[in-house]
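Right, one structure below, let's go through it.
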Amino acid sequence: MIDILIKYHSDISPLEKTDKGDWIDLRVAEDVDLKAGEFKLLSLGVSMKLPEGYEALVIPRSSTFKTWGILQTNHVGLIDNSYCGDNDIWKFPALATRDVHIEKNSRICQFRIQKKMDKVLFITVNNLGGVDRGGFGSSGIE
């Protein structure tokens, strides 16, 4: 089991890991009204101290766009374990595609933790020794 320290900045429901999936839902920490085309960083109402050597990925839930018409502007959020101060509040960068009201405590995104990538050394070569697949986006096309 991995321990994650969490500080709540709002009276949202406590986070919990369910057996139904591998990701943990995050909730918006206040009522939000957005107009079509408007961008806002939505507070998720939590700060966390991730375990040493871990980072978090934050993505929308599968129903987020259908329900509220918002997109996560950076598509994937990365939170490393140095973002762990009492006021390092997790946020969701949202772009509204239509006028929308999001109620406080709504589950709008999800996260999981993963181990950080090992150190990498890039070695320059003239030939990689692999077989070409035919170009970017070409899988399965003849």
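The values are calculated or read from the model by the stated rules, or taken from the named source; none is laboratory data. Note that the structure is predicted; figures quoted are calculated from it, not measured. Because the Cβ atoms are built from the backbone with ideal geometry, glycine has one as well, and the counts that use them run over all protein chains shown. For accessibility, only protein heavy atoms count, side chains too; no ligands or nucleic acids. Shrake-Rupley method; radii C 1.70, N 1.55, O 1.52, S 1.80 Å.
Give the residues of the range 34-50 that are within 11 Å of G69 (Cβ to Cβ) and outside any loop (DSSP other than H, G, I, E, B), sorted by residue number.
L34, the sole residue that qualifies.
Being open to solvent by 100 Å² or more (accessible area, probe 1.4 Å) and either in a strand (DSSP E or B) or in contact (Cβ under 8 Å) with a residue 12 or more places away in the chain (or both) narrows it down to one residue among N127, N87, N105, N74; which is it?
From the options N127, N87, N105, N74, the qualifying one is N87.
Within the range 51-71, which residues are part of a helix (DSSP H, G or I) and free of Cβ contacts under 8 Å to residues at least 40 places away in the same chain?
F65, K66, T67
Of the residues that make up the range 18-31, is at least one over 16 Å from K91 (Cα atoms), assigned to a strand (DSSP E or B) and open to solvent by 50 Å² or more (accessible area, probe 1.4 Å)?
For the range 18-31, residues over 16 Å from K91 (Cα atoms), assigned to a strand (DSSP E or B) and open to solvent by 50 Å² or more (accessible area, probe 1.4 Å): absent.
Filter the range 35-71 for residues that are β-branched (V, I, T) and either at positive phi or open to solvent by 20 Å² or more (accessible area, probe 1.4 Å) (or both) and give the result.
Within the range 35-71, I59, T67 qualify.
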